[in-house]
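Q: The structure under discussion is supplied below as structure tokens; questions concerning it will follow.
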């Protein structure tokens, strides 16, 4: 039962009677999320975490400075603690540390740089689709959804193509590591720590090369950035490189994979986008809303807060359920339907407030190019397995398919 002064009506179901690793729930968590939003929109689970599932409440937390990441409250964090001995990424910091680090990264990660990537992204997408077309039956995750963003972020950061495969598994381990600590075994935590250490060693070597011989890439820009005498420390720089590399392709991979599956489930919408590529912008926003790559995010109450009649104490962990908020009928008409022409799409898939996703412009650009070019080549894209046979990766926060077997042409 939620602990409040004004107790809500009794809940006639267990909101956490849900196994996210169950195949049925993994394939379609949205019926459970709908029940949670309708019956217990602000719910404190037995672990002490507040699950927030209404759109208006999620947005309120994003905008409220009384919620943050609570560096000074780490001992009360029962959701996910920083990896021991590591600098925390700026997305898990509060001002003024967050402001300093994000502003420094912004100096290198500029809109102009992103816009300049479009010709190269189109070239990468075209080359990958050429190879896929030659085979016709492919695993779209491996052949396209993963390969597009990992090649883009690798070239952007200056990771040599020859190294991409060797760091692939490290990236997957780190992405899995963003799930709550209580879902990891001690062995998994140990492996996560080793992956971070190996990533540190890898980027430390690349950074040293860039200091000796700067190149026209983001890594050289990060190593050289200065502002008012400030700079990224070595620890901050390594953590930022890992963050940009992993976040730069893991979530975009799932945008493309989840989006392609949604387009196959809604053939009329697929045919509409194939016939009208000018819909690409609204289509990407709708695909982000409909089945977001990241299902939840977290904040900490920095002081006692009243939220929609519930008392949230300082140090309490607040879990913002993106997948539920993105289908809130208070905000979205026909929320469980895919509508690529949907306008004024207020989805929360890129977070909000001061933590709005730095990489959103790049993800949107990659998504627009990937979907329009894919459907130009394969307007009749279809699965080659039954939907119930699809497998999802063992992640909770970042939700995406392990494989997506498709046929490009009939």
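The values are calculated or read from the model by the stated rules, or taken from the named source; none is laboratory data. Fair warning: this is a prediction, and the values are worked out from it, not measured in the lab. Cβ sites come from the backbone with ideal geometry, for glycine too, and all protein chains shown count toward neighbours.
Q: Return yes or no: is residue 217 closer than 30 Å to residue 372 by Cα and at pLDDT below 90?
A: For residue 217, the condition - closer than 30 Å to residue 372 by Cα and at pLDDT below 90 - is met.
Q: Being surrounded by 13 or more Cβ atoms within 10 Å (Cβ to Cβ), more than 16 Å from the chain's Cα centre (by Cα) and farther than 16 Å from residue 252 by Cβ is the filter here, so list the residues in segment 385-410 that pass it.
A: 390, 391, 403, 405, 406, 407, 408
Q: Hey, can you tell me all the residues within segment 260-273 that are touching a helix residue (DSSP H, G or I) at 6+ places or on another chain (Cβ under 7 Å) and within 17 Å of residue 406 (Cα to Cα)?
A: 260, 262, 263, 264, 270 - these are the residues of segment 260-273 that are touching a helix residue (DSSP H, G or I) at 6+ places or on another chain (Cβ under 7 Å) and within 17 Å of residue 406 (Cα to Cα).
Q: Within segment 95-113, can one find any residue that is within 29 Å of residue 392 (Cβ to Cβ), under 20 Å from the mean Cα position of the chain (by Cα) and in a helix (DSSP H, G or I)?
A: No: zero hits.
Q: Would you mind finding the one in 381, 338 that is touching a strand residue (DSSP E or B) at 6+ places or on another chain (Cβ under 7 Å) and closer than 30 Å to residue 267 by Cβ?
A: That would be 381, the only listed residue that is touching a strand residue (DSSP E or B) at 6+ places or on another chain (Cβ under 7 Å) and closer than 30 Å to residue 267 by Cβ.
Q: If we scan segment 308-324, do we find a residue that is over 26 Å from residue 37 (Cα atoms) and surrounded by fewer than 20 Cβ atoms within 10 Å (Cβ to Cβ)?
A: no
Q: Quick check: anything in segment 280-293 in contact with a strand residue (DSSP E or B) (Cβ under 7 Å, 6 or more places away or on another chain), within 24 Å of residue 319 (Cβ to Cβ) and not in a helix (DSSP H, G or I)?
A: Checked against the condition, which is being in contact with a strand residue (DSSP E or B) (Cβ under 7 Å, 6 or more places away or on another chain), within 24 Å of residue 319 (Cβ to Cβ) and not in a helix (DSSP H, G or I), segment 280-293 yields at least one hit.
Q: Could I ask something else about it? Could you please find all residues in segment 160-217 being assigned to a loop (DSSP other than H, G, I, E, B) and surrounded by 12 or more Cβ atoms within 10 Å (Cβ to Cβ)? Break it down into steps so the answer makes sense when it comes.
A: We begin by selecting, within segment 160-217, every residue assigned to a loop (DSSP other than H, G, I, E, B); these are 160, 177-180, 184-185, 213-217.
Scanning segment 160-217 gives 177, 178, 179, 180, 184, 214, 217.
Q: Then there is this: For segment 31-41, name all the residues that are surrounded by 20 or more Cβ atoms within 10 Å (Cβ to Cβ) and in contact (Cβ under 8 Å) with a residue 40 or more places away in the chain.
A: Across segment 31-41, the qualifying residues are 33, 36, 37, 41.
Q: Another question, if that's okay. Just name the residue that is modelled with the lowest pLDDT out of those in segment 318-359 that are out of contact with any helix residue (DSSP H, G or I) (no Cβ under 8 Å at 6 or more places or on another chain) and more than 16 Å from residue 259 (Cα to Cα).
A: 344
Q: Just give me the residues in segment 260-274 being in contact (Cβ under 8 Å) with a residue 12 or more places away in the chain and not in a loop (DSSP other than H, G, I, E, B), in sequence order. Don't jump to the end; show me each part of the working.
A: In the first step, residues of segment 260-274 are kept if they are in contact (Cβ under 8 Å) with a residue 12 or more places away in the chain; the result is 260-266, 269-274.
Result: 260, 261, 262, 263, 264, 265, 269, 270, 271, 272, 273, 274.
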